[in-house]
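Visitor: Let me give you the structure first, and then I'll get to my questions.
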Amino acid sequence: MNNTLFIFDFDDTLVFSGAVVHITHADGSKESLESHEFATYQEQPGDQFDYSEFDTYPPDGKIIKKTFSKMLDVISVHGPDNVIVLSARGNSVPMRQFLKDNGLSSNIEIVGVGSSNPQDKASYVEQKLKTGNWTSVEIFEDSVANINAIGSMISSKYPNIFYMKNHIQAEGILRKTVYNLLKELFCL
């Protein structure tokens, strides 16, 4: 029997949240990065991070329709027990409320690991795999580091579980990047 665990990331996979990470550098200068920008940020000595916007209801949240619809379809076909929203955020309550406000009626598991370290998501998935008779895992995630960490853990500890990955590259991020480039080139 095929029993798939479906894992959906929250920020930049299901939702454009509008939340940013505030960074205070050692020299006192400040910078704010959206989650997709922070995903590739190289920490500098003395950096201090403020993730507080990620513990609240998404300030300018917008559903990413394609991925959100896929999640609803998966819930309909496979049931809510096979679906997890797994986020680096620390507080799952605002995520649950936002998804409910936007049409999620099923009571799926929503987990915030409270860390941007990819190994923390991989550790959570490892614990989850111990609790069920899973034959495959399918992940929907914007972070390649998270995809790779979870995939490495599965291949080393659960070689009989089939791993499918969906790297989400939301078109809104592409539009924003193109807009910023045009703005810079043409002084818009």
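The values are calculated or read from the model by the stated rules, or taken from the named source; none is laboratory data. Being a predicted model, the structure only gives us computed values, none of them experimental. Cβ atoms come from the backbone with ideal geometry, glycine included; neighbour counts cover every protein chain shown. Calculation scope for accessible area: heavy atoms of the full protein, side chains included, ligands and nucleic acids excluded. Shrake-Rupley method; radii C 1.70, N 1.55, O 1.52, S 1.80 Å.
Visitor: List pairs: first in the stretch 139-161 and more than 20 Å from THR67 (Cβ to Cβ), second of a type in the set (Asp, Glu), Cβ under 7 Å, 6+ apart or cross-chain?
Guide: From the stretch 139-161, the pairs are MET153/GLU126; LYS157/GLU126.
Visitor: Condition check: among the small types (Gly, Ala, Ser) and surrounded by fewer than 20 Cβ atoms within 10 Å (Cβ to Cβ). Does SER123 satisfy that?
Guide: Spelling it out, SER123 is indeed among the small types (Gly, Ala, Ser) and surrounded by fewer than 20 Cβ atoms within 10 Å (Cβ to Cβ).
Visitor: Out of ILE110, ILE154, I need the residue that is of a type in the set (Val, Ile, Thr) and over 25 Å from ASP50 (Cβ atoms). Which one?
Guide: The unique qualifying residue is ILE154.
Visitor: Still on this structure, please answer the following. Name the pairs whose Cβ atoms lie under 6 Å apart, with the first residue in the stretch 111-137 and at pLDDT 95 or above and of a type in the set (A, V, I, L, M, F, W, C), the second outside any helix (DSSP H, G or I) and open to solvent by 40 Å² or more (accessible area, probe 1.4 Å), and 6 or more positions between them or separate chains?
Guide: LEU129/TYR158; VAL137/TYR163
Visitor: Checking PRO118 against (1) under 18 Å from ALA19 (Cα atoms); (2) open to solvent by 20 Å² or more (accessible area, probe 1.4 Å), which single condition isn't satisfied?
Guide: Unmet condition: (1).
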